[in-house]
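Notes follow the structure.
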């Protein structure tokens, strides 16, 4: 879209200004690979794509702002590019969908080095390629301050395989993939200027959307509800409970914690549960399934090389509680990240 | 998506902080109307929609930044909401598509009054309703500085009715709907602090995407190429020419200028052509069609209550020229807005 203020970067003599908008677009799109479902990709007024016969369209969008969602001192451009796409792919996966197409809009400060953009795109397109997602369009403009990234991911799935937040039934098991709390702990350590292990750092800076596990679960028809864990398992299971008209009881001792997480938090008695329950940015899957399918769930997810853990039980009475090892209810300090408050 | 920095707006005691992220989302989505094609709208990990049988998906996205694309002193929130959606609807229309679904992401500064958001949404949803577009998802987050708006619009159309930039043939007529230059003139007058007529202001602040004319032309199979005029007719026809492997000759005396435009520019000899050719933000349609269909084109567009004007001829030799009344080539000072340069 046209800008009102062409003077914003007029005075700049940056590499970006030398390149210009159309040069930048060429540079950004140089590594884009197409896909047979893409009829018309980048370069027209709109992209044209074809859904597979009988499938419905899944759509999700996320906006990432510099110094709100990421900091350039922590987030190297390659992993930032990967993560920018991963967070929306994770949403499509959590509905049981196959991610297919992405749109990328960038508002770029004039002093951003071209190498940053190159590495960002390398990361973005590697994540796209790993998940067979085609970049089909976007927008670029100049930003007065800070890098802003807006990503839309579209996917598809047969109607009867799509998994919603609503659907959990009383006495279902509550499951979570992988481990929780690592990203939040990594962030806390970074904020405190402490040394962070590569394992925790990688969970924060380069989350891996659980596409294959989500698809396997959805296509096997094993789960009654599913969500991706972005705000912490307590808040995100809370969304499932609310939309399913049920409650839940989470067992703190069952929460899957990584070795790195346990090592780092051994000396901090209250912190681990807080981070594991409400830290956020896990990008794991939280889902519910009948007790009778415990074995099938384990087999299904293991085939994808992913660990899965039962962390609680769906209750018919509303409200989500977490209980400690000795059965006393744990009082969470916060229910996940909330913008504006 | 989760934010790294929850302190950004912690200290704020604004109405927005009192409302919180989930309160804000409720407020934003209060007026959202659904549509039979929307299977699952706002409130899950991703939206689920169903395309009409046999149709392909059209997708376009635009980002609007405060003080780059709009200024709060000029752009009242209601019309800003309308325009934020209109610019992407215009892209879908220019491909001959029926706009269907929209995603809206907002990065909101903590001091933005809630009334601004309410009026913005009223405008956005009115534009949506006028074009039978359903808002199906989005993202909200806190911005350190300035309002950022990112909109994705999806549409659909039968494959053989989709119109691309590529397709113009030598000797085709070049057409444009409505009048050109009004929005650019309105902006120039605003920038100079001069009085601006409501007619020009409305073209700048509240552009009307030409959906019905675009659909009528596409469905009648009358046009060989089409684009929406956002960067000025010279640059945008240039995209058609480039992608069609042709050139073009535009007649300056044929450019459709509004009465308000002529009145305001009567005393400025060089300015009118510059603004009309390269001013941008017209959001009219520029398209090409065989000479033999002149009458049909006129009839087809007139049924939608839209004026249409032949402004030139497609040439087989590359390059786009504009000629003045006496036949001398006009040398444009700039070829449309270009971010970063």
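The values are calculated or read from the model by the stated rules, or taken from the named source; none is laboratory data. Keep in mind it's a predicted model, so treat the numbers as computed, not measured. Every residue, glycine as well, gets a Cβ built from its backbone with ideal geometry; the counts of neighbours run over all protein chains shown.
Points worth noting:
- Yes/no for residue B:92 being at the interface with chain A (Cβ under 7 Å from one of its Cβ atoms) and surrounded by 21 or more Cβ atoms within 10 Å (Cβ to Cβ): yes
Condition check ((1) in contact (Cβ under 8 Å) with a residue 24 or more places away in the chain; (2) under 30 Å from residue A:52 (Cβ atoms); (3) more than 10 Å from chain B (Cβ to nearest Cβ)) across all residues:
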site: A:99; (1), (2), (3): yes, yes, no
site: A:108; (1), (2), (3): yes, no, no
site: A:120; (1), (2), (3): yes, no, yes
site: A:136; (1), (2), (3): yes, yes, no
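- Scanning the stretch A:44-71 for residues that are more than 27 Å from residue B:147 (Cβ to Cβ) and either crowded, with 17+ Cβ neighbours inside 10 Å or within 7 Å of chain B (Cβ to nearest Cβ) (or both) returns A:44, A:48, A:49, A:50, A:51, A:55, A:56, A:57, A:58.
- Selected residue [at pLDDT 95 or above, under 30 Å from residue B:319 (Cβ atoms) and within 8 Å of another protein chain (Cβ to nearest Cβ)] from B:87, B:176: B:87
- Verdict on residue B:195 being farther than 23 Å from residue B:298 by Cβ and within 7 Å of chain A (Cβ to nearest Cβ): no
- If you go through the stretch A:148-173 and keep only what is in contact with a strand residue (DSSP E or B) (Cβ under 7 Å, 6 or more places away or on another chain), more than 11 Å from chain B (Cβ to nearest Cβ) and surrounded by fewer than 23 Cβ atoms within 10 Å (Cβ to Cβ), you end up with A:169, A:170, A:171, A:173.
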